[in-house]
Every structure is written in C-alpha cells, then in structure tokens.
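The values are calculated or read from the model by the stated rules, or taken from the named source; none is laboratory data. This one's a predicted model, so the numbers in the text were calculated from it and none came from an experiment. No Cβ is skipped: glycine too gets one built from the backbone with ideal geometry, and neighbour counts run over all protein chains shown. These accessible areas exclude ligands, DNA and RNA; they are computed on the full protein's heavy atoms, side chains included. Shrake-Rupley method; radii C 1.70, N 1.55, O 1.52, S 1.80 Å.
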Amino acid sequence: MQNIIDIFLLVIEKLESENIHYMLVGSLAAVIYGEPRMTHDMDLVVDILPQDVFKFEKLFSIEEFYCPPKEILNAEIINRGQFNLIHQESGLKIDVVIRKATQHAKEEFLRRQKYPFWAGKDIYVATPEDIIIKKLVYYREGGSTKHLTDIRGILNQTKIDETYLNRWIIDLRLTNEWDQVNL
C-alpha cells in the first residue's frame, strides 16, 4: 500500500500537470504551520471552471481514484461546492473545495504560497493567517475545540501578519471565536 504522503503528492502532481490552481488548507496545512497531530485526510481548495471537468475525469481514473461523475463535478463547480476524491487502494479521502466567490476567498487564494512539503517537493499552501481564519469559521459552525488547538499551535510556531488577521476577524465577525483562542 502507498504511503499517505505519496498519495497526497500524487494528487498535487496530477493537479499541477494540468495547471489546475490549488492550495492546501485544513488540518494538514495547520500542521505545517503549527504543532503535529494526526490527520488522515487532505483538504484542497481548487480554482476551476466547468470546462475543467474533463481534466478531473482524465487525471483521476476509476482504477486509481473514485472521482464523482462529470454531472456531479459540474454541479459542484457551478455551485462552488465540494466533492471527494478517494484513493481506491488505501481509502484515503481528499476533500476538494471549489474556491468561493467571496472577497476573502479571492484574497486568500491570491496570498497562497509555495511551502516545502515533503522530499524536496514544494506545494501551494494557504497562509497561516488564512488557515486561522478558516479554523475560526469552522469552530463557529461546529464548535469543535480541535480548531482552537490548531490555531494555538500555529500562533506558537509561526509569525503572523496581525494586521491582515485582525482585519478579517472583524470583517467576518469572528471576534467571539477569536476570544476563545486565548482562554
């Protein structure tokens, strides 16, 4: 069975081979900037259009990955939703989120940065500030304290652009959630 990291890198290489713009987000990105913890999935934001559906069909063959049918892919792209890729052999799930049309999502994607990931491979990752912002949103939506723990880990390990972070905390009305980080 393939190593989880090898599968993650395979997905990234496939996206890059078709010039599909992406960025790593979620728990794995939080681990990059923060403190280690176990995670068994990968969350990617991709910037794609309906005409890119055929690229996913080509890149993620049924022999290697479960990829939803083109009708579902097309609907998720149009609605700026999300879908899963599942590696057939390992069962590893990759959450693929279509970049939203909000001002923050646009700016977040423009700010993504190349970051050393594994074995000399650099990948695009959301900035630590944007990971914190998303974790605050997820905390507000679901109440899971793992998001607060991830935020604290990032703050302990990585220098943060406080001006940018504070601007979006205020604009997205995340002040109450941010206050929970320091409790």
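Over 20 Å between Cα atoms, which of K55/K135; K114/K159; K58/K93; K100/K134; K14/K159 qualify?
Numbers: K55/K135 30 Å; K114/K159 16 Å; K58/K93 18 Å; K100/K134 13 Å; K14/K159 31 Å.
K55/K135; K14/K159, as the Cα separations exceed 20 Å there.
Explain nothing, just compute: Karplus ³J(HN,Hα) = 6.51 cos²θ - 1.76 cosθ + 1.60, θ = phi - 60°, for every residue of the stretch 96-105 in order, whole Hz, x for Gly and Pro.
Per-residue couplings from phi come out as 10, 10, 6, 4, 6, 9, 5, 4, 5, 4 Hz.
Can you find, among I154, L73, F117, the residue farthest towards the positive end of the dipole of the chain? Put +1 on the C-beta of Lys and Arg, -1 on that of Asp and Glu.
The Cα lying farthest towards the positive end belongs to I154.
Given only helices, namely DSSP H runs of n ≥ 4 each adding -39500 (n - 2.57), what is the per-residue ellipticity at 222 nm of the chain, to the nearest 500 deg cm²/dmol?
On the way: 9 runs with 91 residues, N = 183.
So the helix-based figure for the chain works out to -14500 deg cm²/dmol.
Positive end of the charge dipole of the chain (Lys, Arg +1 and Asp, Glu -1 on Cβ, about the Cα centre): tell me which of H21, L10, T102 has its Cα farthest that way.
After comparing all options, I get T102.
So if we plug the beta-carbon distance of S61 and D122 into 1/(1 + (r/R0)^6) with R0 = 30 Å, what FRET efficiency do we get, rounded to 0.05?
On the way: r = 26 Å, r/R0 = 0.87.
Once the sixth-power term is evaluated, E becomes 0.70.
Give me the angle, in degrees from 0 to 90, between the Cα long axis of helix 128-142 and the longest principal axis of the Cα atoms of the chain, rounded to the nearest 10.
Approximately 90 degrees, to the nearest 10.
Leaving out ligands and nucleic acids, and using a 1.4 Å probe, what accessible area per residue does the chain come to in Å²? Mind dumping the intermediate values first?
Numbers: 9420 Å² over 183 residues.
So the chain comes to 51 Å² accessible per residue, rounded to a whole number.
Would you mind computing, in nm to one decimal, how far apart the modelled labels at E141 and E35 are, each placed 7 Å from Cα along Cα→Cβ?
So the two model labels end up 2.5 nm from each other.
State to the nearest 20 debye the size of the charge dipole of the chain about its Cα centre, where the only charges are +1 on K and R beta carbons and -1 on D and E beta carbons. Please list the in-between numbers first.
On the way: 22 positive and 28 negative charges, 77 e Å.
Charge dipole, the chain, about its Cα centre: 380 debye, nearest 20.
Rounded to the nearest 0.05, what FRET efficiency is calculated for I78 and E13 with R0 set to 22 Å and r the Cβ-Cβ distance? The partial results should precede the final answer.
Details: r = 27 Å, r/R0 = 1.21.
My answer for the efficiency is 0.25.
Round to the nearest 10 and give me the degree value, 0 to 90, for the angle of helix 162-171's Cα axis relative to the longest principal axis of the chain.
Rounded to the nearest ten degrees, it is 80.
Quote to one decimal, in nm, the extra length available between K159 and R111 on full extension: 0.36 nm per residue of separation minus the C-alpha distance between them.
Result for the pair: 15.7 nm of gain on full extension.
Roughly how many percent of the accessible protein surface of the chain is carbon and sulfur, given a 1.4 Å probe and a whole-percent answer? Each step should come with its number before you reach the end.
Details: 4820 of 9420 Å².
C and S fraction of accessible area: 51 percent.
What does the C-alpha gyration tensor say about the overall shape of the stretch 23-107? Classify as rounded when a/c is under 1.5, otherwise prolate if a/b is larger than b/c, or oblate.
Here the stretch 23-107 falls in the oblate category.
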